[in-house]
Amino acid sequence: TGVDCPQKKKKLFSCHKLQESLLSSNSGYSNYRGILNWCVVMLVLSNARLVLENLIKYGILVDPIQIISLFLKDPYSWPALCLIIVSNVFIMAALYIERKLSVGTISECTGTFLHCINLAALLFVPAATVLSVSSMTPVGGVMALGVFTVLFLKLYSYRDVNKWCRESRRAKARTLSRSHSCPSVHKANGTAGYTHVSYPGNLTHRDIYYFIFVPTLCYELNFPRSPRIRKRFLLRRLLEMLFLMQLMIGLIQQWMVPTIQNSMKPFQDMDLSRIVERLLKLAVPNHFIWLIFFYWYFHSSMNFVAELMQFGDREFYRDWWNSETIPYFWSNWNIPVHKWCLRHFYKPMLVKGVNKFTAQLAVFFMSAFFHEYLVSVPLKMFRLWAFLGMMAQIPLAYFVGRFLRGNYGNAAVWMSLIIGQPIAVLMYFHDYYVLHYGNAAEGVAA
């Protein structure tokens, strides 16, 4: 009709409509895949330039023989390995204390006292050994103390859970049936059937050693089990572990070590601008290696051990990379430690009437202690940089939570990770260098 004709012509010639630009927040557009790919390409190109610059300046520094020297000073002396083997004494002590408690041979007070001695020895004996044995290398010391720290947390949980079982048994006033605690294989194809475990049937050697080797710090009488071992999954994780380990070692030797060594003169001259430049230069390889270590340890290694042990709970980390607050990061990047702190430290303090803020401070304090313990003792020097770095998370958490939100909070978390760690690395390396090589350097300079 005549009325419709002008409207049709208007639609035909019209090329505009009410709409927002794609990059405006009101547009509702969210497909930034191309921009993400561009960021990845730019990241690869910029780091390729750094790799080429490093190779031109220093040549190839990767040396497999040097790696062995990090673990052993004397090829006929293996102090770290011997110390780890000795840890079986503490495991057996915890088991036999629990056995005595289960039959009432010793009282709860006596058992608690013996457990305290055993747990204290788990921390002090290896520390004293590392400090006194001259053939113990810093890397070997870190590995040995790391094993003993994990054992401390595991045996603390083992003691707590068995104590809860005794309290529950007394409350119910009846005897629970004994049963075997480890899986019994009924079929040759790897399918295993598991019997339900009840206290005190869990107090066996096989049960405690299963707990020692599975990737968790929280003890249970009946862990969730996977039905079979997936051989392809296991092989993929093993190849990832081997490749990423070699990659981390190569990056440390080729990229981090020269940067740290070149940072000593600005520290000695107290040249602030050069110190900041070296700090930023170290931040990139340090953060890259930290990310690789996270994947290697929390995904590849833990999944490998879990698959081998048919351990069913594979939540070793959550989406910490989306953290908008500091507490969210610390409660999601290391789930085994977070679960242990929540179950055996934080909640028991709340039950005893401690307020939440004080309990959170106590958790950070304990974490700071273990960070310093795992750094200062192997290096045989006490500077408290790791401890102070962890305690600094408390005011940082308040600032980020109070003033920053959303993407700004997430950026602040990433900045603390990228910049905070290199500061601690440089401080410890500087102090270690001055302590061990300062006199020689001064002699050469003179």
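The values are calculated or read from the model by the stated rules, or taken from the named source; none is laboratory data. Not measured: the values here are computed from a predicted model. Cβ sites come from the backbone with ideal geometry, for glycine too, and all protein chains shown count toward neighbours. Ligands, DNA and RNA are excluded from the accessible area calculation, which covers all protein heavy atoms including side chains. Shrake-Rupley method; radii C 1.70, N 1.55, O 1.52, S 1.80 Å.
Residue by residue through region 294-339, note down the ones that are open to solvent by 30 Å² or more (accessible area, probe 1.4 Å), more than 30 Å from Arg206 (Cα to Cα) and either in contact with a Phe, Trp or Tyr (Cβ under 6 Å, 6 or more places away or on another chain) or modelled with pLDDT of 95 or more (or both).
Selection gives Trp333 alone.
Considering Leu122, Leu101, Leu83, Leu145, which residue is at pLDDT 90 or above and closer than 15 Å to Ile212 by Cα?
Numbers: Leu101 fails: closer than 15 Å to Ile212 by Cα; Leu83 fails: closer than 15 Å to Ile212 by Cα; Leu145 fails: closer than 15 Å to Ile212 by Cα.
Answer to the check: Leu122.
Look at Ser77 and say whether it is open to solvent by less than 40 Å² (accessible area, probe 1.4 Å), among the small types (Gly, Ala, Ser) and modelled with pLDDT of 85 or more.
no
Condition first: assigned to a loop (DSSP other than H, G, I, E, B), of a type outside the set (D, E, K, R) and open to solvent by 60 Å² or more (accessible area, probe 1.4 Å). Now tell me which residues in region 223-256 satisfy that.
Pro224, Pro227
Can you go through Lys11, Lys17, Lys57 and tell me which one is modelled with pLDDT of 75 or more, surrounded by fewer than 10 Cβ atoms within 10 Å (Cβ to Cβ) and either farther than 30 Å from Met256 by Cβ or touching an Asp or Glu at 6+ places or on another chain (Cβ under 6 Å) (or both)?
Lys17
Quick test of your reading of the structure: Gly353 fulfils all but one of (1) open to solvent by 40 Å² or more (accessible area, probe 1.4 Å); (2) outside any loop (DSSP other than H, G, I, E, B); (3) farther than 24 Å from Met270 by Cα. Name the failing condition by number.
Among (1) open to solvent by 40 Å² or more (accessible area, probe 1.4 Å); (2) outside any loop (DSSP other than H, G, I, E, B); (3) farther than 24 Å from Met270 by Cα, Gly353 violates only (2).
So, in region 270-284, exactly how many residues are in a helix (DSSP H, G or I) and open to solvent by less than 90 Å² (accessible area, probe 1.4 Å)?
Number satisfying all stated conditions: 10.
Out of the residues in region 152-164 that are farther than 14 Å from Ile97 by Cβ and open to solvent by 10 Å² or more (accessible area, probe 1.4 Å), which is farthest from the chain's Cα centre (by Cα)?
Out of the qualifying residues, it is Trp164.
State which residue pairs qualify: first residue open to solvent by 40 Å² or more (accessible area, probe 1.4 Å) and assigned to a loop (DSSP other than H, G, I, E, B) and inside region 377-390, second residue modelled with pLDDT of 85 or more and among the polar types (S, T, N, Q) in any location, beta carbons under 7 Å apart, and separation of 6 or more residues or different chains.
As it stands, the answer is Phe382/Ser376; Arg383/Ser376, since those pairs meet every condition given.
Please tell me if Asn88 is in a helix (DSSP H, G or I), touching an Asp or Glu at 6+ places or on another chain (Cβ under 7 Å) and not acidic (Asp, Glu). I'd like the intermediate steps shown before the answer.
On the way: in a helix (DSSP H, G or I): yes; touching an Asp or Glu at 6+ places or on another chain (Cβ under 7 Å): no; not acidic (Asp, Glu): yes.
Spelling it out, it is not the case that Asn88 is in a helix (DSSP H, G or I), touching an Asp or Glu at 6+ places or on another chain (Cβ under 7 Å) and not acidic (Asp, Glu).
Of the conditions (1) touching a helix residue (DSSP H, G or I) at 6+ places or on another chain (Cβ under 9 Å); (2) at pLDDT below 85; (3) more than 30 Å from Ser134 (Cβ to Cβ), Arg405 fails just one. Which one is it?
(1)
Taking region 104-125, which residues are part of a helix (DSSP H, G or I) and either open to solvent by 30 Å² or more (accessible area, probe 1.4 Å) or in contact (Cβ under 8 Å) with a residue 60 or more places away in the chain (or both)?
Taking region 104-125 and keeping what is part of a helix (DSSP H, G or I), we get 108-125.
Matches in region 104-125: Glu108, Cys109, Thr110, Thr112, Phe113, Leu114, Cys116, Ile117, Ala120, Leu123, Phe124, Val125.
Which of the residues belonging to region 133-144 are more than 15 Å from Phe382 (Cα to Cα) and part of a helix (DSSP H, G or I)?
Hits for region 133-144 are Val139, Gly140, Met143, Ala144.
Out of (1) touching a residue at least 60 places away in the same chain (Cβ under 8 Å); (2) within 22 Å of the chain's Cα centre (by Cα), the odd one out for Arg225 is which?
Tallying (1) touching a residue at least 60 places away in the same chain (Cβ under 8 Å); (2) within 22 Å of the chain's Cα centre (by Cα), Arg225 fails exactly one: (2).
Kindly provide the set of residues from region 330-350 that are in contact (Cβ under 8 Å) with a residue 24 or more places away in the chain, within 22 Å of Ala412 (Cα to Cα) and part of a helix (DSSP H, G or I), ordered by number. So that I can check it myself, show each step before the final result.
Taking region 330-350 first, the residues in contact (Cβ under 8 Å) with a residue 24 or more places away in the chain are 330, 333-334, 336-337, 339-341, 343-344.
Restricting the remaining residues to those that are within 22 Å of Ala412 (Cα to Cα) gives 330, 333-334.
The answer is Trp330, and nothing else.
Which of the numbered conditions does Asn332 fail, given that it passes all the others? Conditions: (1) in contact with a Lys or Arg (Cβ under 6 Å, 6 or more places away or on another chain); (2) farther than 30 Å from Leu155 by Cβ.
(2)
Which numbered condition trips up Leu291, out of (1) closer than 30 Å to Ile208 by Cβ; (2) surrounded by fewer than 13 Cβ atoms within 10 Å (Cβ to Cβ); (3) within 18 Å of the chain's Cα centre (by Cα)?
Here Leu291 meets the rest and fails (1).
Spot the failing condition for Leu342; the list is (1) modelled with pLDDT of 90 or more; (2) surrounded by 17 or more Cβ atoms within 10 Å (Cβ to Cβ), and only one is missed.
(2)
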